[in-house]
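Visitor: There's a structure below that I have some questions on.
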Amino acid sequence: MTPVPPPEFDAVVIGAGVSGLYQLHRLREVGLSAIVVEAGSDVGGTWYWNRYPGARFDSESYTYTYSFSEELLEEWSWSEHFAAQPETLRYLGFVADKFDLRRDIRFDTRVSAATWDDDTMRWVVVAEDGFRVEARYLITAMGPLSAPVMPIIDGIDSFEGESFHTARWPHEAVSFEGKRVGVIGTGATGVQVIQEVAKTVGRLTVFQRSPNWCAPLNNGPITEEQQAEIKATQAEIFRRCNASYGGFIHDSIREKTVDVSDAQRHEFWEHRYREPGFGIWFGNYRDVLVSPEANQKLTDFIAGKIRDRVDNPTVAETLIPIDHGFGTRRVPMETGYYEVYNQSNVELVDVGDRPITRITPAGIETEAGHWDLDLIVFATGFDAVTGAFDRVDFRGTGEGTLKETWGDGPQTVLGVSTPGFPNMFTLVGPHNAATFCNMPRCIEQNVDWVTKFLVRSRERGDNGVEATHEAAEAWTVHVHETVERLLLSKVDSWFNGVNHNLTDHPPRVLLYGGGLPLYRERCDAESDADYPSFARI
Ligand code: FAD
Ligand code: NAP
């Protein structure tokens, strides 16, 4: 047999968001050559694509920031507790410049297929424009929320006004002044768009199919004093995040709802409701996300807040979810969202009962009537977690594609590797703690773990390593156990792969519910034991 020349690169990374950028940096550090292939025209991932008005963090900026470089931490200062998208995009551009990352990134290149070659023991990666590259390792950094979904509505292409999906927002400014704007979708994105558009719009119509439980973001500028405090305690901030269940600065408290009196509970929740960020969700009594009774109490408290804030009682009731409790779907964080419905130029149309029937050249028709519109915003979400994978023809050692392999639900080891797909690593993949996390905290863990694995693999002189079926079965059982105890497992949302516009896969467990510390412990046990869940091929 003719000896095969070494591959062009040690690794191909798909995606140049928070994950891909850090992965490239780490590969370089350990002396592995890499190329990043990115569909967008620049770095940033989520923050490159989601340019819709109002897009911003719901993680505290200084907890979302990379932790790996002291110098970077010193040089970059966030202006707000929850930075808006343009600032985050600037930050990721700053990181790319500082570490000279762009020179190894091929932009405007959407990967369409990746095939493992058993003879050469390498991945052959092909893009839509014909670009082709081979590498020993394939690392996906394609994002959990990067495959936007449009609604299935008759006549959607006939609309003669402007229309945009929030994750494909144009780079030029879009004006709403004097316009009749319709928004479909009231998840975290829809809520951010609605409260921003309402500031300048002529007339706003929100087509709401299902309300969500929202809570105040309580954002504000970071004062000089606060900045000094953040800089002085940044290491402690990261330590707290890494020790918390969700990688946030907020973590559940020791007490359960039943351990305190009604009055104490009420006071605590009042306090949380006025505090910045996810405290009301992740910094709550430890039973509110697992016990239906505890959750109902919190849900009633939040419903009361909505009733207080919305003037029209009928509108208030339409905004209150009745099919799930607070925190069992991703909580949209808001700033004056409920007060928008007190504006005389804003109308809430309930399309849960009387659905949208079609989109016409002039606007949106529901069973209740027709609304003339100049602009439609589709805040209709994503094919979450597995969507970006399903859009690439990944083929490993077996017959089927990765999409087919995961057809009945993902089967992975630690959410980073799948049997039958050697030398392939899935950052923020399904069944990985990073999917339910203040993501950069988990992303850094993912990337560091994969990098360490590759270094060890190089040391051992491996050609190929593959997750074993036994280990994947055990991990999948563990993942299901961690998720099933959470109330969110019983509710339709992207957490469970549900976007009602998707018909090609059933609801399934996509998250890891054990939390960051347990996940890290499991990952560390695997590396400390020299990777027993992987076979050399
Ligand atoms: P992404 O940022 O999604 O990057 C993936 C990249 O891969 C994209 O640039 C994409 O173009 C590229 N790609 C995908 N498929 C291909 C392909 N086939 N070929 C080539 N390139 C490809 N998380 C938080 O923790 N806190 C927040 O406050 C927060 N806010 C969010 C706000 C919005 C609007 C959204 C949508 C998500 C938010 N998230 C938040 C989640 C966010 O996705 C993560 O924080 C983080 O950005 C994920 O980084 P990533 O690099 O893993 O993926
Ligand atoms: P989403 O939560 O999936 O919400 C999609 C919305 O579109 C839902 O309200 C859905 O209604 C509605 N919808 C879809 N098709 C429809 C149709 N045909 N008719 C009427 N309504 C329709 O998506 P998202 O809001 O983009 O958020 C996704 C995730 O991104 C968030 O959960 C969060 O993790 C992340 N994100 C974070 C932030 C942040 O604050 N940092 C901001 C935005 C997004 P149904 O529920 O009835 O299907």
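Throughout, read-outs are computed from the coordinates displayed, never taken from laboratory work. For clarity, every value in this text was computed on a predicted model and none was experimentally measured. Positions of Cβ are backbone-derived with ideal geometry, glycine not excepted, and every protein chain shown enters the neighbour counts.
Visitor: Taking every eigenvalue of the Cα gyration tensor of the stretch 461-537, multiplying by 5 and rooting it, what semi-axes result, largest first, whole Å? Could you put the intermediate results ahead of the total?
Guide: Working: eigenvalues 170, 56, 18 Å².
Each semi-axis is √(5λ); the values are 29, 17, 9 Å.
Visitor: If you stretched the chain out fully between GLU75 and SER33, how much longer would it get, using 0.36 nm times the residue separation minus the C-alpha to C-alpha distance?
Guide: Difference between extended and current length: 12.4 nm.
Visitor: While we're looking at this one, here's another question. Quick one: which residues, 5 or more positions from GLU80 or on another chain, have an amide H under 5 Å from its amide H? H modelled 1.01 Å from N in the peptide plane, none for Pro or chain starts.
Guide: Hits under the 5 Å cutoff: ILE222.
Visitor: Also, quick follow-up: Give me the net charge for the shell around ASP154: Cβ to Cβ below 14 angstrom, other residues only, Lys and Arg +1, Asp and Glu -1.
Guide: -2
Visitor: Net charge within 15 Å of ASN345 by Cβ-Cβ distance, Lys/Arg positive one each and Asp/Glu negative one each, not counting ASN345 itself?
Guide: -3
Visitor: Separate question: Could you give the length gained on full extension between ASN342 and THR115, defined as 0.36 nm per residue of separation minus the Cα-Cα distance, in nm?
Guide: 76.2 nm
Visitor: Right, another one. Could you give each residue of the stretch 224-237 its phi-based ³J(HN,Hα) in whole Hz, using Karplus coefficients 6.51, -1.76, 1.60 with θ = phi - 60°, and x for Gly or Pro?
Guide: 4, 5, 5, 4, 4, 5, 4, 4, 6, 10, 4, 5, 5, 4
Visitor: Sticking with this structure for a sec: Would the stretch 390-465 count as rounded, prolate or oblate if I go by the C-alpha gyration tensor, calling it rounded below 1.5 in a/c and otherwise prolate when a/b exceeds b/c, oblate otherwise?
Guide: Oblate.
Visitor: Another question, then. Using the per-residue mean of other Cβ atoms lying within 10 Å as a proxy for protection, in what order, highest first, do the peptides 21-32, 443-454 fall? Can you show the working numbers first?
Guide: Working: 21-32: 20.2, 443-454: 22.0.
Put in order of decreasing packing, that is 443-454, 21-32.
Visitor: Roughly speaking, what is the centre-to-centre gap between the stretch 15-54 and the stretch 396-433 when only Cα atoms are used, to the nearest Å?
Guide: 21
Visitor: Kindly provide the helix-only [θ] at 222 nm of the chain, computed as the sum of -39,500 (n - 2.57) over DSSP H runs of four or more divided by all residues, to the nearest 500 deg cm²/dmol? Walk me through the numbers on the way to the answer.
Guide: On the way: 17 runs with 174 residues, N = 537.
The per-residue figure over the chain is -9500 deg cm²/dmol.
Visitor: Relative to the longest principal axis of the C-alpha atoms of the chain, give the angle of the C-alpha long axis of helix 469-484, reported between 0 and 90° and rounded to the nearest 10°.
Guide: That works out to roughly 20 degrees.
Visitor: Aspartates and glutamates within cross-link reach of LYS256: Cα-Cα under 17 Å, excluding same-chain residues under 8 positions apart?
Guide: Result set, ordered by chain and number: GLU267, GLU270, ASP287, GLU293, ASP300.
Visitor: Could you give the semi-axes, largest first, of the ellipsoid that matches the chain, computed as the square roots of 5 times the alpha carbon gyration tensor eigenvalues and rounded to whole Å? Mind showing how you got there, number by number?
Guide: Values: eigenvalues 294, 149, 107 Å².
Listed largest to smallest, the semi-axes of the chain are 38, 27, 23 Å.
Visitor: Placing unit charges on C-beta atoms (Lys and Arg positive, Asp and Glu negative, everything else neutral), compute the dipole magnitude of the chain about its Cα centre in debye, rounded to 20.
Guide: 260
Visitor: Here's a follow-up. List the residues, sorted by chain then number, that are 5 or more residues from PHE9 or on another chain and whose placed amide H is less than 5 Å from its amide H.
Guide: Under 5 Å from the amide H of PHE9 lie the amide H atoms of GLU134, ARG136, each far enough along the sequence or on another chain.
Visitor: Taking the Cβ of each residue in PHE107, PHE389, PHE164 as the centre, tally the other Cβ atoms inside 10 Å and list the residues starting with the fewest.
Guide: The fewest-first ordering by Cβ neighbours comes to PHE107, PHE164, PHE389.
Visitor: Straight distance only, please: which lysines reach the Cα of LYS490 with their own Cα at less than 20 Å, same-chain residues fewer than 8 apart left out?
Guide: Hits, sequence-local ones excluded: LYS297.
Visitor: Could you name the lysines in cross-link range of LYS231, using Cα to Cα under 23 Å and dropping any fewer than eight places away on the same chain?
Guide: Filter leaves LYS98.
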